[in-house]
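Undergrad: Input: one structure, supplied below.
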Amino acid sequence: ASASGSAVQILGSAGCEPRSRAGRHFRDAKVMEIIEGAQQVAEEHIAEQLMRRHAAAPGAGAPA
C-alpha cells in the first residue's frame, strides 16, 4: 500500500475520486492488508487450539 498511498497523497483529492486508478489501487491494497491480518489471526487461533489439545493429551510432553 506504500506506493499507492504515496500516489494518492501526491494526487490529493483527485487521488480519492471514485474513478481514480490510484485510489482504486490504494483501496484494493488496504482490503488485502485487512484480509491478510484476519488470516494471520485465524492461523494463530488454530495454532493455539492445537497446542492446548496437544498439551492436554495423555502422554503429551517432552520425551524421556
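Rule-based calculations on the coordinates, nothing more; no lab input. What you are looking at is a predicted structure, and each value in this text was computed from that prediction instead of being measured.
Undergrad: On a 0 to 90 degree scale, rounded to 10, what angle separates helix 2-11 from the longest Cα axis of the chain?
TA: Orientation of helix 2-11: about 20 degrees from the principal axis.
Undergrad: On full extension of the chain, what length is gained from Leu11 through Ala56, given 0.36 nm per residue of separation minus the C-alpha to C-alpha distance?
TA: Taking 0.36 nm per residue and subtracting the Cα distance, the gain is 10.6 nm.
Undergrad: For the range 1-45, what does the relative contact order come out to in percent, with C-alpha contacts under 8 Å and a separation of six or more?
TA: Worked out over the range 1-45, it gives 31 percent.
Undergrad: Helix 21-56: angle to the longest alpha-carbon principal axis of the chain, degrees 0 to 90, nearest 10?
TA: Once rounded, the angle reads 10 degrees.
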